[in-house]
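Right, I'll just put the structure down here and ask away after.
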């Protein structure tokens with residue numbers, strides 16, 4: 001078992017091994033609890049490698065790119081591919097905890113994207129509604145649910161209140177796509193905004209956006225937010241949609257105010273570090289008083 005007692009060690013290690021190999025495209029998860037080798041994975045097995053470790057995985061461009069991307073997102077700058085022992089000697093305990101937390105979230109985000117890719121269009125509609133509601137849009141859940149219409153095109157189109165009073169509305173479109181969304185789709189979305197007399201829109205996809213689509217969204221007068229699969233998974237984790245908390249860890253530190261406040265409440269003659277609270281004469285006096293009281297009690 002892990003030291004937390006939450007999971008068997010072999011299950012934990014197997015899960016992480018599978019996640020690393022998934023980043024290299026060597027295995028996939030067709031459904032919960034099942035891991036199978038991909039075509040690339042079968043080719044690797046045919047070579048009969050002695051070990052499958054980080055050094056071997058770094059020979060796969062997909063693995064290097066995904067690790068680089070995650071490192072860049074987490075640190076805001078270029079990062080080397082993480083491996084066992086990286087920066088371990090110089091990192092503080094708090095930095096190691098934060099690094100592990102980030103890695104766990106990366107793994108969870110990858111699993112969420114796998115799950116979304118397998119959802120049918122109407123399940124994905126419900127996911128988007130749940131996320132928007134969790135983020136504070138739509139007023140009530142009933143109002144948020146009105147955003148959807150079953151269009152059968154693996155997406156949703158509709159309006160949702162930006163606030164509970166409905167002072168402004170946001171046009172929402174979500175596409176469960178495999179390929180990247182191009183400029184043409186964003187142009188059509190912006191045209192739909194004009195047709196709805198809306199100035200704000202959110203385009204959500206489970207995949208990504210080509211650079212020309214991103215540039216176009218930035219150039220138009222309307223406020224258009226593009227949410228790709230990575231950001232969608234991150235928002236789901238942040239707002240607890242489709243995920244559950246297994247364990248919470250609190251980091252403690254000294255409460256200086258507590259000790260300073262207690263020091264202020266001490267009598268003046270005993271305040272300060274290194275000052276004797278009682279001198280010998282005071283101790284002798286207290287001892288004589290206690291001795292007298294003890295004799296009185298006996299008598």
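The numbers here are math on the coordinates, done by the rules we state, and not lab data. Note that this is a predicted model, so its numbers are computed, not measured. Note that we place each Cβ from the backbone using ideal geometry, even for glycine, and neighbour counts take in every protein chain shown.
I want to check the label-to-label distance for residue 31 and residue 235. Put each point 7 Å from Cα in the C-beta direction and report it in nm to one decimal.
With each label placed 7 Å out from Cα toward Cβ, I get 3.0 nm.
What is the distance in Å between the Cα centres of region 195-252 and region 166-180?
Centre-to-centre distance over Cα atoms comes out at 9 Å.
Further question: Give the order of 286, 204 when sorted by the count of other beta carbons within 10 angstrom, beginning with the fewest.
286, 204
So if each residue of separation counts as 0.36 nm, and I subtract the Cα-Cα distance between residue 184 and residue 286, what length gain in nm does that give?
27.6 nm
Please give the length that would be gained between residue 16 and residue 95 if that part of the chain were fully extended, namely 0.36 nm times their separation in residues minus their C-alpha to C-alpha distance (nm, one decimal).
My answer for the length gained is 26.4 nm.
Provide the FRET efficiency to the nearest 0.05 for the residue 218-residue 245 pair, computing r from the beta carbons and using R0 = 22 Å.
0.05
Give me the distance in nm between label points sitting 7 Å out from Cα along the Cα-to-Cβ direction at residue 62 and residue 118, one decimal.
Between residue 62 and residue 118, the label points sit 1.7 nm apart.
Now, a different point. Can you tell me the order of 109-122, 167-180 when each peptide is scored by its average per-residue count of other Cβ atoms within 10 angstrom, highest first? Intermediate results must be reported in sequence, preceding the final value.
Details: 109-122: 16.2, 167-180: 17.9.
Order by mean packing, descending: 167-180, 109-122.
With each pseudo-label sitting 7 Å past Cα toward Cβ, what's the residue 38-residue 197 distance in nm, one decimal?
With each label placed 7 Å out from Cα toward Cβ, I get 4.8 nm.
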